[in-house]
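Worksheet: one structure, shown below.
The values are calculated or read from the model by the stated rules, or taken from the named source; none is laboratory data. Keep in mind that this is a model prediction, so the values were computed, not measured. As a convention, Cβ positions derive from the backbone with ideal geometry for all residues, glycine included, and neighbour counts pool all protein chains shown. Keep in mind that these areas ignore ligands, DNA and RNA; they rest on the heavy atoms of the full protein, side chains included. Shrake-Rupley method; radii C 1.70, N 1.55, O 1.52, S 1.80 Å.
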Amino acid sequence: MMKLGVNIDHVATVREARMSTYPDPVEAAMDCIDAGCDSIVCHLREDRRHIKDDDVWRLREVVKTRLNLEMSIAKDIVEIACKVRPEQATLVPEKRRELTTEGGLDVVKYSGKIAEVIKKFNEKKIETSLFINPSKIQIDASKKAGASIIELHTGGYADARTEQARLKELDKIKRSVEYAISLGLEVNAGHGLNYANVGDVAMIKGINELNIGHSIIARAVIVGMCQAVEEMIGLIE
Ligand code: PXP
């Protein structure tokens, strides 16, 4: 069955809105795991706008399934990841002023740096996933850089304004999944997925895991974390 990774960044966003000590993303992560999700994702941003170093360390202590640390390739963040040793690190591009991760990583442009980080993480037994746009050039570059996992950016699909554009983006994802699998890569997908649009992506054969954050945390405000995760798992099934 297709897996679900829940990104709990926005629990910390609510906490940071008042610079308080609650809600605690670690408590939320434990509820997500109880509800049956397969991994916990958090993004330690360079500006630490939501998740803090202490959150990552506390998550490392309690997450026994799979901790997926989303991160840029900045040197100090790579050093932290090497110490924390999550099961998986997902490399993403990062701009300070963006609202959220806007596009995929340009693996062609930064191939040398990315290959270096992957090598370092391999030595620490951290699996590396590269968050890329669904394009053949980026998939080829990811394979060449030594990645074993890619995560396809589904933002183009989620943001499509017309049915024609939505189907075109969906087809791009499908073809990218097939191509990446033919190269022996494990394929995940995520960004912008919600309770209304997840179904079509969940039907694509070959995707290992969907990583979903904002919509689940938003739903949890209304129905609670466990129910929000259970509902999403139900839709993926
Ligand atoms: N995957 C990656 C690599 C991301 O950067 C994000 C956003 O933090 C997500 C998945 C989840 O996106 P969303 O919050 O839109 O569900």
Taking region 75-116 and keeping residues acidic (Asp, Glu), more than 18 Å from the chain's Cα centre (by Cα) and farther than 14 Å from LYS144 by Cβ leaves ASP76, GLU79
Matching residues, region 116-147, being of a type in the set (Gly, Ala, Ser) and over 17 Å from LEU67 (Cβ atoms)
SER135, ALA141, SER142, ALA145, GLY146, ALA147
Selection within region 216-227 - surrounded by 18 or more Cβ atoms within 10 Å (Cβ to Cβ) and either small (Gly, Ala, Ser) or within 10 Å of the ligand (Cβ to nearest atom) (or both)
ILE216, ILE217, ALA220
Any residue at all in region 146-156 that's open to solvent by less than 10 Å² (accessible area, probe 1.4 Å), free of Cβ contacts under 8 Å to residues at least 60 places away in the same chain and assigned to a helix (DSSP H, G or I)?
yes
Residues (over 19 Å from the mean Cα position of the chain (by Cα) and without any contact (Cβ under 8 Å) to a residue 40 or more places away in the chain) located in region 123-139:
GLU123, ILE137
So the check is Cβ under 7 Å with 6+ separation or different chains; which pairs have a first residue in region 53-81 that's closer than 16 Å to ASP31 by Cα and in a loop (DSSP other than H, G, I, E, B) and a second one that's within 14 Å of the ligand (Cβ to nearest atom) and open to solvent by less than 30 Å² (accessible area, probe 1.4 Å)?
VAL63/ILE40; THR65/SER39; ARG66/SER39; ARG66/GLN88
Just checking, does region 182-193 include any residue being open to solvent by 60 Å² or more (accessible area, probe 1.4 Å) and in a helix (DSSP H, G or I)?
yes
List pairs: first in region 1-18 and among the hydroxyl-bearing types (Ser, Thr, Tyr), second assigned to a helix (DSSP H, G or I), Cβ under 9 Å, 6+ apart or cross-chain?
THR13/ILE217
Looking at region 29-46, which of the residues that are more than 19 Å from LEU193 (Cα to Cα) and within 14 Å of the ligand (Cβ to nearest atom) is surrounded by the fewest Cβ atoms within 10 Å (Cβ to Cβ)?
GLU46
Take the residues in region 188-208 that are within 10 Å of the ligand (Cβ to nearest atom) and touching a residue at least 60 places away in the same chain (Cβ under 8 Å); name whichever of them is farthest from ARG161 (Cα to Cα).
ASN188
Suppose the filter is modelled with pLDDT of 95 or more and in contact with a Cys (Cβ under 8 Å, 6 or more places away or on another chain); does VAL92 pass it?
no
Test for GLY213: is it within 16 Å of the ligand (Cβ to nearest atom), open to solvent by less than 10 Å² (accessible area, probe 1.4 Å) and within 16 Å of VAL41 (Cα to Cα):
no
